[in-house]
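Inspection log for the structure reproduced underneath, given as structure tokens.
The values are calculated or read from the model by the stated rules, or taken from the named source; none is laboratory data. Quick caveat: nothing in here was measured; it's all calculated off a predicted structure. Cβ sites come from the backbone with ideal geometry, for glycine too, and all protein chains shown count toward neighbours.
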Amino acid sequence: MALKTIQSPIPGTFYRAANPGDPPFKAENDPVAVGDTVGLIEVMKTFTPVLAEEAGTLKGFHVENEDAIMAGQPLYDLEA
Amino acid sequence: MAEPESTIEIVKPGLSTTVQDLGRPGYYHLGIPLSGAMDRESLIAANLLVGNDEGAAGLEAVFLGPEIRFAADATVAVTGADMPPKLDGVEQPGWTALSVRSGQVLSFGFLKAGARASIAVSGGIDVPVVLGSRATYALGALGGHEGRALKAGDRLRLGRGRPVGEGRNLPAALRRKAEPVLRMLPGLYDHRVTGEATERFFADPWKVAPEADRIGYRFRGGHPLDFVPREPPFGAGSDPSNIVDSCYPYGSIQVPGGTEPIVLHRDAVSGGGYFMIGTVIAADMDLIGQLQPHQPVHFARTDMAGALAARRETAERLARIRDALA
């Protein structure tokens with residue numbers, strides 16, 4: 001079982017849920033399928049979904065909800 | 001028999017990649033903004049590297065690079081943001097003339113520094129000239145490729161390139177680095193806020209808001225401004241940050257509600273009813289185009305002599321770039 005760290009493709013503000021108060025898209029140890037939304041990144045008045053490009057189990061987040069993030073920054077760990 | 005057309009195909013567009021040249025001056029009084037590259041110096045350097053005229057149209061990619069398949073041999077240069085270019089997956093140096101063969105794919109690694117990569121292709125991007133420019137003004141659906149940011153599957157025609165030395169690059173000393181200080185001239189409406197508020201505006205650290213885009217760069221994190229009390233003049237709104245509608249210069253800093261300064265940039269609106277505390281000097285506008293969200297900056301006061309000296313420095317640096325790439 002390989003653990004892989006997924007990096008953010010863009011800078012911005014990271015959100016774990018679609019709206020304040022909504023349940024997060026993914027919790028720790030949730031299964032992840034290709035194309036699943038794992039979070040949102042807000043930049044330039046646009047919310048860009050962070051879509052899973054690989055399937056596996058989400059083992060943990062490196063960033064909190066509403067954290068400022070940089071491109072290339074680790075977002076979450078995936079066990080394939 | 002006609003030569004086959006040279007084209008490139010957008011495989012992935014990135015976040016927002018637009019065709020840009022040096023802009024469309026002359027129509028701002030009609031509400032049509034300058035547009036063109038947010039970091040003009042890096043576009044000029046990229047064009048010179050691939051043997052183009054300085055004002056040829058290239059691509060501006062913000063935060064996330066596109067993936068582009070070449071249907072012709074060409075020379076490419078990527079300048080501006082530190083976003084490593086790759087050819088068929090192999091990383092290549094930035095600020096360097098790269099030979100691309102027909103069928104190869106240009107892609108990018110993660111953004112490391114800066115915000116916008118300028119991508120020049122030999123011959124330039126041959127989209128129609130609209131009001132004297134090929135620049136994209138997406139808000140007005142004007143210029144560029146169909147007046148919009150690029151999408152997957154778009155094909156762009158290239159102009160005819162000139163032969164150029166492969167591998168030549170711009171010396172590191174001539175690659176302008178982002179600096180966290182934006183110099184500005186106070187005015188024309190800084191009398192609306194108190195002297196203490198103005199001093200605090202310069203002392204406060206500000207951070208680029210994630211909303212910042214080609215229209216305006218928004219900042220937050222400093223203290224709200226205190227306004228001088230007044231009776232709103234006829235035609236001005238009731239908010240203390242309102243004025244009777246006025247022209248907005250390129251680079252002007254409006255502070256709606258006194259809370260978050262917005263520096264108007266290449267795709268700005270040309271007028272409205274917010275007071276402006278000052279105007280960022282021309283020499284520092286390119287730097288704004290390379291600021292990332294959440295990056296801390298300061299505003300620094302200068303005067304007309306300081307602004308003109310900075311403009312001369314910019315002109316001298318551009319002359320050295322031209323010499324280096326002649």
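Structure values in brief
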read-out: Qualifying residues in segment B:130-168 (those that are of a type in the set (Asp, Glu) and farther than 27 Å from B:Gly26 by Cα) - the one surrounded by the fewest Cβ atoms within 10 Å (Cβ to Cβ); value: B:Glu166
read-out: Within segment B:94-106, considering residues that are in a strand (DSSP E or B) and either surrounded by 20 or more Cβ atoms within 10 Å (Cβ to Cβ) or charged (D, E, K, R) (or both), the one farthest from the other protein chains (Cβ to nearest Cβ); value: B:Val100
read-out: Among (1) assigned to a loop (DSSP other than H, G, I, E, B); (2) modelled with pLDDT of 95 or more, the one test that A:Pro9 misses; value: (2)
read-out: Complete set of residues in segment B:280-303 that are surrounded by 22 or more Cβ atoms within 10 Å (Cβ to Cβ) and either part of a strand (DSSP E or B) or outside the structural domain of B:Phe227 (by TED's automatic domain parsing) (or both); value: B:Val280, B:Phe299
read-out: Residue within segment B:47-60 that is within 14 Å of another protein chain (Cβ to nearest Cβ), among the hydrophobic types (A, V, I, L, M, F, W, C) and more than 15 Å from the chain's Cα centre (by Cα) present; value: no
read-out: Search result, residues across segment A:28-43 that are assigned to a loop (DSSP other than H, G, I, E, B) and free of Cβ contacts under 8 Å to residues at least 24 places away in the same chain; value: A:Ala33, A:Val34, A:Gly35, A:Asp36
read-out: Criterion violated by B:Leu308 - all others in (1) more than 14 Å from chain A (Cβ to nearest Cβ); (2) under 27 Å from B:Asp82 (Cβ atoms); (3) not basic (Lys, Arg) satisfied; value: (2)
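Each row is one residue, and each column tells you yes or no for (1) of a type in the set (Lys, Arg); (2) under 14 Å from B:Ala77 (Cβ atoms); (3) assigned to a helix (DSSP H, G or I); (4) at pLDDT 95 or above.
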residue: B:Val19; (1), (2), (3), (4): no, no, no, yes
residue: B:Arg24; (1), (2), (3), (4): yes, no, no, yes
residue: B:Ser35; (1), (2), (3), (4): no, no, no, yes
residue: B:Leu48; (1), (2), (3), (4): no, yes, yes, yes
residue: B:Asn52; (1), (2), (3), (4): no, yes, no, yes
residue: B:Gly55; (1), (2), (3), (4): no, no, no, yes
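Let's see how each residue does on (1) modelled with pLDDT of 95 or more; (2) at positive phi; (3) within 12 Å of another protein chain (Cβ to nearest Cβ):
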site: A:Phe14; (1), (2), (3): yes, no, yes
site: A:Ala17; (1), (2), (3): yes, no, no
site: A:Pro20; (1), (2), (3): no, no, no
site: A:Pro31; (1), (2), (3): yes, no, no
site: A:Leu40; (1), (2), (3): yes, no, yes
site: A:Glu53; (1), (2), (3): no, no, no
site: A:Gly56; (1), (2), (3): yes, yes, no
site: A:Gly72; (1), (2), (3): no, yes, yes
site: A:Ala80; (1), (2), (3): no, no, no
